[in-house]
Amino acid sequence: MTGTRAPTKVPVPVIIPHEHGLPHIHSITMVTVLTKNFNTLSQEKYDEVVERLQLHQITCTCGHCGNMRKYGHYERTVWFCGYEVLLRIQRVQCTNCGKTHAVLLDILVPYSRIPLEDCRQIIIAGTTGKSCAPVQETNPYIEDGMVLHIRIQFRKHWQQKLLSENISLRGDLITDCFRFFGRQFMQIRNTPNILFSPST
């Protein structure tokens, strides 16, 4: 799970061949899988979730369902419980429109190395005047400057959103943020993100 530090590889636009031979450029979007209290992170656990996915049940942002296929990987690192976890993130492609989606777990914040729950606890501590020391002790990768950055980003991009829909930081942030805003909590970029709840 641990290793040397490597830069997070952010999804970039890719060229998808068009059925008539003309290339179309598509930005990678996201599918966030609802894992229901998934509290660990490793490549093995990530792969288990991906292998259980019923790709035919995922609806693309183009509106079509049943057209997803696996389509390569990219790497990103996440700071989780004191470990730097390197993940190979699965891409899936809609064969109808050619759009490619990165498959994420709901414990991740897109484009961030800091997990969702750590972000939540940092923000709760900030709004209640408490110390972030417990979070930083559990995850020593989170330095003071990162704590400040998370709080600034929350105030700038998310605080008013949550207030507008009466969403509690202690509630079901994942489901509520996808329902009202179409993205993961603390996701700053407007990249389309689909919440997918696997059938049991």
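The values are calculated or read from the model by the stated rules, or taken from the named source; none is laboratory data. Everything quoted here is computed from the prediction, not taken from an experiment. With ideal geometry, Cβ positions are generated from the backbone for all residues, glycine too; neighbour counts draw on all protein chains shown.
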**Fill in**
Counting only residues in region 66-90 that are surrounded by fewer than 19 Cβ atoms within 10 Å (Cβ to Cβ) and of a type in the set (Lys, Arg), the one farthest from PHE38 (Cα to Cα) is identified as ARG69
**Residue that is of a type outside the set (A, V, I, L, M, F, W, C) and closer than 23 Å to GLY182 by Cβ, where the choices are HIS73, HIS56** = HIS56
**Prompt:** Which residue out of GLN160, GLN153 is under 18 Å from the mean Cα position of the chain (by Cα), of a type in the set (S, T, N, Q), within 28 Å of THR61 (Cβ to Cβ) and modelled with pLDDT of 95 or more?
**Reply:** GLN153
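Okay, residues lined up against (1) of a type in the set (Ser, Thr, Tyr); (2) within 17 Å of the chain's Cα centre (by Cα); (3) modelled with pLDDT under 90:
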site: VAL12; (1), (2), (3): no, yes, yes
site: PRO17; (1), (2), (3): no, no, yes
site: LEU22; (1), (2), (3): no, no, yes
site: SER27; (1), (2), (3): yes, yes, yes
site: LEU34; (1), (2), (3): no, yes, no
site: LYS45; (1), (2), (3): no, yes, no
site: GLU51; (1), (2), (3): no, no, no
site: GLY63; (1), (2), (3): no, no, no
site: LYS70; (1), (2), (3): no, no, no
**Prompt:** Are there any pairs with C-beta distances below 9 angstrom linking a residue in region 35-64 that is within 20 Å of TYR83 (Cβ to Cβ) to a residue that is surrounded by 12 or more Cβ atoms within 10 Å (Cβ to Cβ) and among the aromatic types (Phe, Trp, Tyr), with the two at least 6 apart or on different chains, and if so which?
**Reply:** THR40/PHE80; LEU41/PHE80; LEU41/TYR83; SER42/PHE80; SER42/TYR83; LYS45/PHE38; VAL49/PHE38
**Residues that are surrounded by fewer than 21 Cβ atoms within 10 Å (Cβ to Cβ), hydroxyl-bearing (Ser, Thr, Tyr) and under 18 Å from GLN153 (Cβ atoms), drawn from region 94-127** = TYR111, THR127
**Request:** Among the residues of region 142-168, write down those that are surrounded by fewer than 17 Cβ atoms within 10 Å (Cβ to Cβ) and more than 19 Å from VAL78 (Cα to Cα).
**Result:** ILE152, ARG155, LYS156, HIS157, GLN159, GLN160, LYS161, LEU163, SER164, GLU165, ASN166, SER168
